[in-house]
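The values are calculated or read from the model by the stated rules, or taken from the named source; none is laboratory data. These numbers come from a predicted model, not from an experiment. Positions of Cβ are generated from backbone atoms using ideal geometry, with glycine treated the same way; all protein chains shown enter the neighbour counts. These accessible areas exclude ligands, DNA and RNA; they are computed on the full protein's heavy atoms, side chains included. Shrake-Rupley method; radii C 1.70, N 1.55, O 1.52, S 1.80 Å.
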Amino acid sequence: MFEGELVRLRALRAEDAEHHVRWRNDPEVVHWATAGDPCFGPVTAEAVGLAFETMLRLSPRESAVFTVEDLADGMVIGMADYRDLDPFAGCATVGITIGERDRWGRGHGSDALRLLVGHLFGAYGLHRIELDTWSGNERAVRAFTRAGFREEGRRRETVLVAGRRYDTVLFGMLREEWSGLPG
């Protein structure tokens, strides 16, 4: 368990599935988290249950999913994950989703991202962490940049939302860039 200023990251539990079902069936969460990717949602409770069977057995040497809780009231508000952890190359990919809309824009996702990045650079001694979003998600682009990630490139027009094309924006952070950040 890791605690920041606003949130705590804890191990995923089977009972967290109900939150994932709700978030993945909320069109606005699906829109911002994945640009409306139909593979993310809507989804049945049975499908999430099957996915949870796998997520609960993940090896932290390769990937993990954490539950994000608000420190103020203990409410489950989102998820954070890492995947593709490569100890030889010293790299991993991360993701953050705050599923509770009333917590958007209040710093919870940024705090969760800082905790996750700090854990990966600290516990695993990684050299590099990466993530991506779609160019229409300007809030995520700003949050990632504020957290110290640098835009490294774009895959042009790879995302289709309501008939309009957007780029996938690729971000990365090196260990020495993390070490120099305050806090």
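Near the amide H of VAL7, within less than 5 Å, lie the amide hydrogens of LEU71, all on another chain or at least 5 residues away, with H placed in the peptide plane. On full extension, the segment bounded by GLU46 and ASP73 gains 6.8 nm, given 0.36 nm per residue less the C-alpha separation. SER110 sits among other residues whose Cβ lies under 12 Å from its own Cβ, and their net charge, with Lys and Arg +1 and Asp and Glu -1, is +4. A full extension of the chain between ASP102 and GLU18 corresponds to an added length of 28.5 nm, given 0.36 nm per residue minus the alpha carbon distance. Taking all protein chains into account, the per residue accessible area for the chain stands at 53 Å² (1.4 Å probe). Charged side chains reduced to their Cβ positions (Lys and Arg at +1, Asp and Glu at -1) give the chain a dipole of some 400 debye around its Cα centre.
Using the Cβ-Cβ distance between GLU151 and ALA11 with R0 = 30 Å, the FRET efficiency computed as 1/(1 + (r/R0)^6) comes to roughly 0.40. Placing dummy labels 7 Å off each Cα toward the beta-carbon, the span from LEU160 to GLU28 is 2.7 nm. Considering only protein heavy atoms and a probe of 1.4 Å, how much of the accessible area of the chain is carbon and sulfur, as a whole percent? Its accessible area is 51 percent carbon and sulfur atoms. For the chain, the residue among ALA45, VAL141, ILE77 whose Cα projects farthest onto the positive side of the dipole built from Cβ charges is VAL141. Within the stretch 80-153, DSSP assigns beta bridges of which about 60% are antiparallel (rounded to the nearest 5).
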